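Below is one structure; the comments refer to it alone.
The values are calculated or read from the model by the stated rules, or taken from the named source; none is laboratory data. None of the values given here were measured: they were computed from a predicted structure. Because the Cβ atoms are built from the backbone with ideal geometry, glycine has one as well, and the counts that use them run over all protein chains shown.
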């Protein structure tokens, strides 16, 4: 079965529910042709490199799917051409691009590793915080004279780790997040 | 590292003596596939008038130049890169 991706640019001014309606329409078309939708992506508003129907910006969306029968890409393109808020679209066949498939597999592995690392880091910070509170309790309960020597050291290590994690997640969200509608 | 050492030219004038040898950046970084959806990489290869930079200036190898050309053309089609400036 052939695999395709279709990127299309919708009018940036249309409301979100109309965008979901648009995507739903395309999804039903895929299902009608015994296709199989793999992924939908919303890249949000992006500046266009040139004016398209007098628009400076566009909302990018991407669909990835297996085509059931060979008519599916045609039908999808026909629908996109006829729908008013779609500014531009492009369909690319991806199952015959071996280099790309290798690249995608590696990206997936990297993504998974990153997620695992993030989970581990979160766990570590949670553990550190737990240890800090526990240490504080112990220090408060047992030796008041020893506490000033030990506490600052604990506090110094924990915020650094927390900062690293938040920076990592912030980068991740900024890449996937949808820019707000004006 | 694929980066070749600077090559001295025999018999050349002193100006040419320490000319840096060009190398393919994609080979250096072991890029398997150039993503046409990422305009940040591609925009390095479309100077000034947004024309595709030739191999003789960028030093890109034939394989990667072909991939790069296809990626830039696709990106232009979907308005991620300009056709001309």
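Among the residues of segment A:15-33, the one identified as under 19 Å from residue A:94 (Cβ atoms) and assigned to a loop (DSSP other than H, G, I, E, B) is A:33. All told, residue A:39 falls short of being surrounded by 14 or more Cβ atoms within 10 Å (Cβ to Cβ), in contact with a strand residue (DSSP E or B) (Cβ under 6 Å, 6 or more places away or on another chain) and within 14 Å of another protein chain (Cβ to nearest Cβ).
Within segment A:1-14, the set of residues being part of a loop (DSSP other than H, G, I, E, B) and surrounded by 14 or more Cβ atoms within 10 Å (Cβ to Cβ) comprises A:2, A:11, A:12, A:14. Here residue A:20 meets each of (1) surrounded by fewer than 17 Cβ atoms within 10 Å (Cβ to Cβ); (2) within 14 Å of chain B (Cβ to nearest Cβ); (3) under 19 Å from the mean Cα position of the chain (by Cα) with one exception, condition (2).
One residue alone among A:47, A:99, A:88 is free of Cβ contacts under 8 Å to residues at least 40 places away in the same chain and assigned to a strand (DSSP E or B), and that residue is A:47. Per this entry, residue A:54 is not counted among residues that are closer than 18 Å to residue B:37 by Cα and surrounded by fewer than 18 Cβ atoms within 10 Å (Cβ to Cβ). Within the option set A:116, A:77, being outside any strand (DSSP E or B) and within 14 Å of another protein chain (Cβ to nearest Cβ) holds for one residue only, A:77. Does any residue of segment B:71-79 turn out to be farther than 23 Å from residue A:52 by Cα and either away from every other protein chain (no Cβ under 12 Å) or modelled with pLDDT of 90 or more (or both)? Within segment B:71-79, none of the residues are farther than 23 Å from residue A:52 by Cα and either away from every other protein chain (no Cβ under 12 Å) or modelled with pLDDT of 90 or more (or both).
Which residues, taken from segment B:31-56, are in contact (Cβ under 8 Å) with a residue 24 or more places away in the chain and assigned to a loop (DSSP other than H, G, I, E, B)? Residues satisfying the conditions are B:31, B:33, B:34, B:35, B:36, B:37, B:46, B:48, B:49, B:50, B:51.
More than 14 Å from every other protein chain (Cβ to nearest Cβ), under 27 Å from residue A:94 (Cβ atoms) and modelled with pLDDT of 85 or more: does that describe residue B:53? Against the criterion (more than 14 Å from every other protein chain (Cβ to nearest Cβ), under 27 Å from residue A:94 (Cβ atoms) and modelled with pLDDT of 85 or more), residue B:53 qualifies. For segment B:4-27, the criterion of a residue being within 11 Å of chain A (Cβ to nearest Cβ) and at pLDDT below 90 is satisfied by no position.
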